[in-house]
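Undergrad: Could you have a look at this structure, given as structure tokens, before my questions?
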Amino acid sequence: MASIGLIGLGVMGQNLARNIARRGFQVAVYNRTRAKTETFARHHPHPNIIPTYALDDLVARLERPRRLLLMVKAGAAVDAVIAQVRPLLEPGDILIDGGNSHFADTERRQRELAAPGVHLLGVGISGGEEGALRGPSLMPGGPEEAYEAVAPIFEAIAARAGDGRPCVTYLGPGGAGHYVKMVHNGIEYALMQAIAEGYDVLRQVGGLAPDHLAALFEEWNRAELASFLVEITAHILRTRDPETGRPLVDLVLDRARQKGTGKWTSQEALDVGVPVPAITSAVEARFLSALKEERVRAAKLLPGPAPEAKGGMHLIEHVREALFATMVVAYAQGMALLRAAASEHGYTYRLADVAAIWRAGCIIRAALLEEIRHAFAEEPELPNLMLAPFFRHALAARQQGWRTALTVGVNHGVPMPVTAASLAYYDSYRSAHLPANLIQAQRDYFGAHTYERVDRPGTFHTVWHPNTASQA
Ligand code: NBP
């Protein structure tokens, strides 16, 4: 009998099945399109992989309680597969949705499966193809007893952090797992855009060629910026197009696509009322990049300073500091959203554990995450990561470079939206006084929305101008 079943042999499903099999668990696999299962079984024969060609056969081969991992496209496909397998399952059986489902969909499906007594775990899986095969970061949420039943398999297949701990932990009920994965992806958007902005200003103003930039990112990856995304950026910048010999990055069309998890993070942050401007700016930067034809036209019509390559070691240092600070802010905003979501949605994860399971396997893995884990372990109620001693000092030490890099971008007309949004967040957060007094006065002026005063308690309304009593 198989320990687990797997439906959906896309890239992720195939690699996870191989990972599970290599760790000594029997896995029965099924895919809607039969040919894909046949090809998979032919290319990756393994005594622990059992190909099946009918859902009832797949289910019949599973140990009880049945554990069934769905690795199908998020959205309607998940509902379709659940509808097909539900009649074949018994109370206590466990469905595991390992795709990028929206957490609210996961919670709806959990309610729908409550009557037949089938558990649904929503599990965020990060690490792409390679991670799925060698060890992803797993973010599971849902009924805890169901998690206990899958924990041995998950702990065996997950990536291991430097301290040997598997990058998986139970994150809480409902859609907690998919929520954490959503925020992970939001942070991922911000980090990617921050790196792209550093690359851009160094290229356009610093005059650095891709080979030089590759060497720089390699060097940065050996110190405080060490992270998967910085590492792959160095590889990308080194890669040449075999046909033309040119840096391949120069031949890639500058139109970034997205699958929606970054946008969900921003939408959810707006709903919960948590500022995540680094993440939202990154989502919007992709929207702006998609306006390629408009941009090409506007480039001829809207003037601005033409970036001129000046070179200089100072700029490199400033950009390095700006990138580090922006990355810290991206994590800080993601963590602040996770903190608010815990009370909003009843999730039970500890932020230190979330940081711990992101240390390896996932796309946002970075040396910084050990410091983030440490910060929340030391002070679980820390309201914002930027306040932790390590990060407070780190930001203070780099803020001049951060400001200078951004100023260079502004002065040369190189857009750096995530760097700018992150610095504005830092400056807003550290401001004991913001101009919200004027906002309140404006609201009271046109809408009689009232205001509070700094010198005495109570609620006040003023007729600010004799001709304009309330125009609400
Ligand atoms: P895809 O997201 O491309 O999904 C392909 C699989 O879904 C195939 O097995 C396909 O079967 C199946 N499927 C579809 Br589409 N509609 C179906 C339906 N109505 N009934 C049954 N099966 C259906 O694959 P993926 O890239 O491996 O991703 C799987 C999940 O993991 C997604 O939610 C994705 O967002 C998430 N994820 C992906 C990555 C990554 O790097 N790719 C990373 C992290 C998470 P077929 O062969 O018959 O068409």
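Undergrad: Among 397, 405, which is among the aliphatic types (A, V, I, L, M), open to solvent by 40 Å² or more (accessible area, probe 1.4 Å) and in a helix (DSSP H, G or I)? Before the answer, list the steps.
TA: On the way: 405 fails: open to solvent by 40 Å² or more (accessible area, probe 1.4 Å).
It is 397.
Undergrad: Right, here's the next one. Having 1 or more residues that are modelled with pLDDT of 95 or more and over 26 Å from residue 164 (Cα atoms) is the bar; report the helices (runs of 4 or more DSSP H) wholly within the range 291-360 that clear it.
TA: On the way: elements: 292-301, 313-345, 351-357.
Because the criterion is at least 1 residues that are modelled with pLDDT of 95 or more and over 26 Å from residue 164 (Cα atoms), the helices (runs of 4 or more DSSP H) in the range 291-360 that meet it are 292-301, 313-345.
Undergrad: Given the options 69, 95, 89, name the one that is under 25 Å from residue 174 (Cα atoms) and touching a residue at least 40 places away in the same chain (Cβ under 8 Å).
TA: Values: 95 fails: touching a residue at least 40 places away in the same chain (Cβ under 8 Å); 89 fails: touching a residue at least 40 places away in the same chain (Cβ under 8 Å).
Selected residue: 69, the only one of 69, 95, 89 that is under 25 Å from residue 174 (Cα atoms) and touching a residue at least 40 places away in the same chain (Cβ under 8 Å).
Undergrad: Okay, next question. Which of the residues spanning the range 75-96 are part of a loop (DSSP other than H, G, I, E, B), within 12 Å of the ligand (Cβ to nearest atom) and of a type in the set (A, V, I, L, M)? First the steps, then the outcome.
TA: Quick first cut of the range 75-96, residues part of a loop (DSSP other than H, G, I, E, B) only: 75, 89-93.
Those still in the list that are within 12 Å of the ligand (Cβ to nearest atom) too: 75.
Residues satisfying the conditions do not exist here.
Undergrad: While we're looking at this one, here's another question. What pairs can you find where one residue is in the range 445-472 and over 25 Å from residue 432 (Cα atoms), the other is at pLDDT below 95 and open to solvent by less than 70 Å² (accessible area, probe 1.4 Å), and their Cβ atoms are less than 7 Å apart, with a gap of 6+ or different chains?
TA: 447/470; 448/470; 463/469
Undergrad: Would you confirm, using the coordinates I've provided, whether residue 207 is in contact with a helix residue (DSSP H, G or I) (Cβ under 8 Å, 6 or more places away or on another chain), away from the ligand (no atom under 16 Å from the Cβ), outside any strand (DSSP E or B) and at pLDDT 95 or above? Write out each step before concluding.
TA: Details: in contact with a helix residue (DSSP H, G or I) (Cβ under 8 Å, 6 or more places away or on another chain): no; away from the ligand (no atom under 16 Å from the Cβ): yes; outside any strand (DSSP E or B): yes; at pLDDT 95 or above: yes.
Criteria not met by residue 207.
Undergrad: Could you tell me whether any residue of the range 216-225 is hydrophobic (A, V, I, L, M, F, W, C) and open to solvent by 40 Å² or more (accessible area, probe 1.4 Å)?
TA: yes
Undergrad: Can I ask one more? Pairs please, first residue from the range 1-18 and more than 19 Å from residue 85 (Cα to Cα), second anywhere and small (Gly, Ala, Ser), Cβ atoms under 6 Å, 6+ apart in sequence or on different chains.
TA: Qualifying pairs under 6 Å: 12/132; 15/132; 16/132.
Undergrad: Out of everything in the range 8-51 that is farther than 20 Å from residue 159 by Cα and crowded, with 23+ Cβ neighbours inside 10 Å, what residue ends up being farthest from the ligand (Cβ to nearest atom)? Write out each step before concluding.
TA: First pass over the range 8-51, keeping only residues farther than 20 Å from residue 159 by Cα: 8-10, 28-51.
Applying the additional criterion that residues be crowded, with 23+ Cβ neighbours inside 10 Å yields 8-9, 28-31.
Details: 8: 4, 9: 5, 28: 15, 29: 10, 30: 9, 31: 5 Å.
Residue satisfying both the conditions and the ranking: 28.
Undergrad: Could you look through the range 97-136, keep only residues that are assigned to a helix (DSSP H, G or I) and near the ligand (Cβ under 10 Å from one of its atoms), and pick out the one that is nearest to residue 153 (Cα to Cα)? Reasoning before the result, please.
TA: Taking the range 97-136 first, the residues assigned to a helix (DSSP H, G or I) are 103-114, 128-134.
Then keep just the ones that are near the ligand (Cβ under 10 Å from one of its atoms); that gives 128-132.
On the way: 128: 19, 129: 18, 130: 18, 131: 15, 132: 13 Å.
Selected residue: 132.
Undergrad: Return the residues of the range 350-365 that are touching a residue at least 60 places away in the same chain (Cβ under 8 Å) and open to solvent by 20 Å² or more (accessible area, probe 1.4 Å); say none if nothing qualifies. Even if it seems obvious, please write down each step before you answer.
TA: Here is the first cut: in the range 350-365, the residues touching a residue at least 60 places away in the same chain (Cβ under 8 Å) are 353-354, 356-365.
353, 359, 363, 365 - these are the residues of the range 350-365 that are touching a residue at least 60 places away in the same chain (Cβ under 8 Å) and open to solvent by 20 Å² or more (accessible area, probe 1.4 Å).
Undergrad: Here's a follow-up. Of the numbered conditions (1) over 18 Å from the mean Cα position of the chain (by Cα); (2) crowded, with 21+ Cβ neighbours inside 10 Å, residue 164 fails exactly one; give the number of that condition.
TA: So the condition that residue 164 fails would be (2).
Undergrad: While we're looking at this one, here's another question. Go through the range 415-444 and give me each residue that's among the β-branched types (Val, Ile, Thr) and in contact (Cβ under 8 Å) with a residue 12 or more places away in the chain.
TA: First, pick out the residues of the range 415-444 that are among the β-branched types (Val, Ile, Thr): 418-419, 439.
Scanning the range 415-444 gives 418, 419.
Undergrad: Out of the range 236-286, which residues are open to solvent by less than 30 Å² (accessible area, probe 1.4 Å) and within 16 Å of the ligand (Cβ to nearest atom)? Break it down into steps so the answer makes sense when it comes.
TA: Residues of the range 236-286 open to solvent by less than 30 Å² (accessible area, probe 1.4 Å): 237, 241, 247, 260-262, 265-266, 268-269, 274, 276, 278-279, 281-283, 285.
The answer is 260, 261, 262, 265.
Undergrad: A follow-up question, please. Scan the range 137-151 and give yes if some residue there is crowded, with 24+ Cβ neighbours inside 10 Å, within 14 Å of the ligand (Cβ to nearest atom), in a loop (DSSP other than H, G, I, E, B) and within 18 Å of the chain's Cα centre (by Cα), otherwise no.
TA: No: the range 137-151 contains no residue that is crowded, with 24+ Cβ neighbours inside 10 Å, within 14 Å of the ligand (Cβ to nearest atom), in a loop (DSSP other than H, G, I, E, B) and within 18 Å of the chain's Cα centre (by Cα).
Undergrad: Among the residues of the range 158-171, is there at least one that is of a type outside the set (S, T, N, Q), part of a helix (DSSP H, G or I) and within 16 Å of the ligand (Cβ to nearest atom)?
TA: Step one: list which residues in the range 158-171 are of a type outside the set (S, T, N, Q), which gives 158-168, 170-171.
Now drop any that are not part of a helix (DSSP H, G or I), which leaves none.
Checking the range 158-171: not a single residue is of a type outside the set (S, T, N, Q), part of a helix (DSSP H, G or I) and within 16 Å of the ligand (Cβ to nearest atom).
Undergrad: Could you tell me which of the residues 335, 327 is in contact with a strand residue (DSSP E or B) (Cβ under 9 Å, 6 or more places away or on another chain) and open to solvent by less than 20 Å² (accessible area, probe 1.4 Å)?
TA: Working: 335 fails: in contact with a strand residue (DSSP E or B) (Cβ under 9 Å, 6 or more places away or on another chain).
Being in contact with a strand residue (DSSP E or B) (Cβ under 9 Å, 6 or more places away or on another chain) and open to solvent by less than 20 Å² (accessible area, probe 1.4 Å) holds for just one of 335, 327, which is 327.
Undergrad: Quick check on the range 167-188. Is at least one of its residues touching a strand residue (DSSP E or B) at 6+ places or on another chain (Cβ under 6 Å), charged (D, E, K, R) and crowded, with 21+ Cβ neighbours inside 10 Å?
TA: Taking every residue of the range 167-188 in turn, at least one turns out to be touching a strand residue (DSSP E or B) at 6+ places or on another chain (Cβ under 6 Å), charged (D, E, K, R) and crowded, with 21+ Cβ neighbours inside 10 Å.
Undergrad: Here's another thing I want to ask about it. Among the candidates 265, 261, which residue alone is touching a Gly at 6+ places or on another chain (Cβ under 6 Å), touching a residue at least 40 places away in the same chain (Cβ under 8 Å) and among the polar types (S, T, N, Q)? Walk me through how you get there before you give the answer.
TA: Values: 261 fails: touching a Gly at 6+ places or on another chain (Cβ under 6 Å).
Step by step, each of 265, 261 is checked, and only 265 is touching a Gly at 6+ places or on another chain (Cβ under 6 Å), touching a residue at least 40 places away in the same chain (Cβ under 8 Å) and among the polar types (S, T, N, Q).
Undergrad: Right, next: Which of the residues that make up the range 84-102 are surrounded by fewer than 20 Cβ atoms within 10 Å (Cβ to Cβ) and closer than 14 Å to residue 72 by Cα?
TA: Restricting attention to the range 84-102, the residues satisfying the condition of being surrounded by fewer than 20 Cβ atoms within 10 Å (Cβ to Cβ) are 84, 86-88, 90-92.
84 - this is the single residue of the range 84-102 that is surrounded by fewer than 20 Cβ atoms within 10 Å (Cβ to Cβ) and closer than 14 Å to residue 72 by Cα.
The values are calculated or read from the model by the stated rules, or taken from the named source; none is laboratory data. On a predicted model such as this, the values are computed, not experimentally measured, just so you know. Every residue, glycine as well, gets a Cβ built from its backbone with ideal geometry; the counts of neighbours run over all protein chains shown. For accessibility, only protein heavy atoms count, side chains too; no ligands or nucleic acids. Shrake-Rupley method; radii C 1.70, N 1.55, O 1.52, S 1.80 Å.
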